[in-house]
Amino acid sequence: MINWIHRMNFLIKPFILKGTVFSMSGFLLTAILLLIGYSPANSQEINFGEFSSKYAVTISELNPAEDLSFGMLIQNEGLKSIELLDSKVLMIEGVKYLDVIVDVTADNYLFLDSDVACNGTNSNCIPFTLEAAYANRGTNNTNQAVLMQVAANVASAQFPILARGNLPPGPPPTPDYEGYNPALYNETAYLYIYGSLNVGNVDAGSYSGNITITVSYD
Amino acid sequence: MRIFSYSISLIIFLLATIPVIAQKGNGVNASINVSAKVTAAIELITVQSMQFGNAQPGQREIHVNPINSLNAGYMIAIGTPEAEFRLNYLPERELTQIEGNGSLTFVYEIAGNSQEDQATSEILEVDNRNIRFNNEGRYYIWVGGRVNLENAAPGNYEGDFTIEIDYI
């Protein structure tokens with residue numbers, strides 16, 4: 001989140017200066033409509049990520065094609081957890097001074113042989129509880145991880161690609177000019193996905209579920 | 001003129017709001033799989049306990065051959081069909097005299113087979129790692145061993161046997 005209050009004039013000014021006022025009532029209506037169009041909540045913030053299509057963000061797996069695997073479990077084993085240290089690691093690469101919004105959405109159950117007919121009491125599904133964290137200090141280090149809030153198996157967080165620490169917000173992004181290389185301003189943040197299963201009296205076999213990660217600039 | 005003015009106002013309003021929406025959507029998605037393999041819990045069923053019988057006076061040793069003795073203990077392990085497992089056991093256990101302070105050291109010998117056939121079973125070492133349940137999820141175990149009676153006080157002795165089975 002970057003606050004840049006005085007830049008608000010930049011957005012409004014062209015419409016006021018270039019608008020043709022044909023009558024006082026028309027002018028007032030224009031002003032009212034503009035005020036409605038820009039609610040106070042938006043007026044305190046400029047989302048720099050929206051101002052250039054060149055600000056790309058990518059997400060990739062540290063160990064591609066590797067599941068968040070709980071391995072072999074025994075019927076009625078109970079709670080089985082994968083800890084943060086053993087989590088599935090994803091890398092988010094983007095402009096280091098921009099904020100990203102990250103949403104991690106997991107299935108509530110792992111399903112036996114992809115049979116999704118599960119009502120929570122069936123013997124062919126295992127409840128899954130999602131946990132997630134991120135590290136944005138430039139290194140893949142779980143000791144620096146910040147836990148994400150999780151509600152109904154959806155973890156969400158907003159953070160800069162590179163943590164600012166106690167420093168004030170950085171300058172606006174480098175303008176998009178010919179020869180501009182956004183990679184020079186990129187950094188990698190790390191996303192850790194883990195969680196737990198509660199294995200009850202379920203059928204033996206292979207269980208799986210899906211976790212979707214969405215990343216976008218604020 | 002006024003209608004024209006309102007129209008201009010409406011157009012300006014629309015122009016003012018469209019760009020913000022249009023520039024959204026620079027996000028990316030990824031998907032990962034979460035998986036687990038659940039196996040049936042292993043059960044060990046004791047079908048028959050090992051029988052020593054009565055040692056005769058002057059008898060130096062009792063030996064229960066797990067492959068061919070009818071006195072061998074008999075157990076069935078039940079688990080996931082075709083699953084590999086490892087089997088560990090403590091080869092030496094102390095038998096204590098029920099009425100008295102005497103004790104004997106029993107050295108176990110274990111034989112196993114994926115078929116229910118003691119005669120074709122094979123001796124299992126202390127730590128076996130390449131054993132597999134059969135296609136019905138069963139593995140058959142016979143328990144024998146030997147005990148030295150040379151310094152044993154007369155009486156009844158008892159002890160237990162610990163066997164550990166884990167999926168690999």
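Values in this text are rule-based calculations from the coordinates and carry no lab data. Please read these numbers as outputs of a predicted model, since none were measured by experiment. Here Cβ is always computed from backbone atoms with ideal geometry, including for glycine, and neighbour counts include all displayed protein chains.
Using amide H atoms built in the peptide plane, which far-off residues or other-chain residues are under 5 Å from B:Ala83 H to H?
Excluding prolines and chain starts, which carry no amide H, the hits are B:Phe133.
Calculate, in nm to one decimal, what B:Leu70 and B:Gln56 gain on full extension: separation in residues at 0.36 nm each, minus their alpha carbon distance.
The span from B:Leu70 to B:Gln56 would gain 3.2 nm if fully extended.
What net charge do the residues around A:Cys125 carry, taking every other residue with its C-beta under 10 Å from that of A:Cys125, with Lys and Arg at +1 and Asp and Glu at -1?
-3
Arranged by the count of other C-beta atoms within 10 angstrom, fewest first, what order do A:Leu79, B:Leu95, A:Leu90 take?
A:Leu79, B:Leu95, A:Leu90
Tally Lys/Arg at +1 and Asp/Glu at -1 over every other residue whose Cβ is under 13 Å from the Cβ of A:Asn76; what's the total?
Taking every Cβ under 13 Å from that of A:Asn76, the sum is -2.
Partner chain Cβ atoms within 10 Å, averaged over the residues of A:194-207 - can you pull that number for me?
For peptide A:194-207, the averaged partner shielding equals 3.
Tell me the label-point distance for the pair B:Asn29, B:Gln97, using the 7 Å Cα-to-Cβ offset, in nm and rounded to one decimal.
7.8
Testing the spin-label approximation: label points 7 Å from Cα along Cα→Cβ at B:Val107 and A:Tyr177. State their distance in nm.
8.7
DSSP loop (so not H, G, I, E, B), at most 14 other Cβ within 10 Å: list which GluC sites (Glu not before Pro) in segment B:51-84 pass both filters.
Answer by residue number: B:Glu82.
Got a sec to turn the phi values of segment B:35-46 into Karplus ³J(HN,Hα) couplings, 6.51 cos²θ - 1.76 cosθ + 1.60 with θ = phi - 60°, whole Hz, x for Gly and Pro?
With the stated coefficients, segment B:35-46 comes to 9, 7, 10, 9, 10, 5, 5, 7, 10, 10, 10, 8 Hz.
For segment B:86-137, what relative contact order do you get, as a whole percent, if you take Cα pairs closer than 8 Å and at least 6 residues apart?
This gives 38 percent for segment B:86-137.
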